[in-house]
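*Asks:* Supplied in structure tokens, the structure appears directly below.
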């Protein structure tokens, strides 16, 4: 991944989604779901490979609208929800709140695979977008050989769910042969599949 992909890029995150992950008493009152903060993607991208992202307290406060800063009482770094990052990668959305950038680079498919893998209840995933492929976690086949996935599941003791839109295919693997999703995960995957199929 080159520096040019992240230079000047910002990611927008819902403040309410972040606040829900904070320790009790860290934020005063309910926050509107429409309120977002814009964070330089360069602060986040180096941490994605670890499957956990956090901002130093001072950087988080710096990102808050001035009028909202007194409502936060933070004693430690702030963890950012991976699901929120995944759905708002640079190039996935546009808004007047986002500072202008020279370009809006498309999210890297390997990066997206890693973030999908981090969603609760999933063992691994395979993504195919046109001629590009990527995988993350425990998968029984190489992404270039996705046609063998179905025949490989029994031997691997895994179950899978396919989501297909146009030329984009997402296959997620459930551990222990269990079929089903944690609450909200399928909706997130469906949203991701739709955005990727549209090239957003």
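*Asks:* Using the number of other C-beta atoms within 10 angstrom as an exposure proxy, rank 125, 169 with the fewest first.
*Replies:* If I rank by nearby Cβ atoms, fewest first, I get 169, 125.
*Asks:* Fewest Cβ neighbours within 10 Å first, please rank 181, 41 accordingly. Provide the component values of the computation, followed by the final result.
*Replies:* On the way: 181 17, 41 21.
Ranked by crowding around the Cβ, least crowded first: 181, 41.
*Asks:* Would you mind ranking 89, 55, 163 so that the residue whose beta carbon has the fewest other beta carbons within 10 Å leads the list?
*Replies:* By the 10 Å Cβ count, ascending: 163, 55, 89.
*Asks:* Separate question: Extension gain residue 50-residue 66, at 0.36 nm per residue separation less the Cα-Cα distance, in nm?
*Replies:* 2.7 nm
*Asks:* Using a Förster distance of 22 angstrom, determine the FRET efficiency expected from the C-beta separation of residue 74 and residue 35, and round it to 0.05.
*Replies:* Result of the calculation: an efficiency of 0.85.
Every number in this text was worked out from the coordinates using simple rules, so none of it is lab data. Please read these numbers as outputs of a predicted model, since none were measured by experiment. For neighbour counting, all protein chains shown are included, and Cβ atoms are generated from backbone atoms with ideal geometry for every residue, glycine included.
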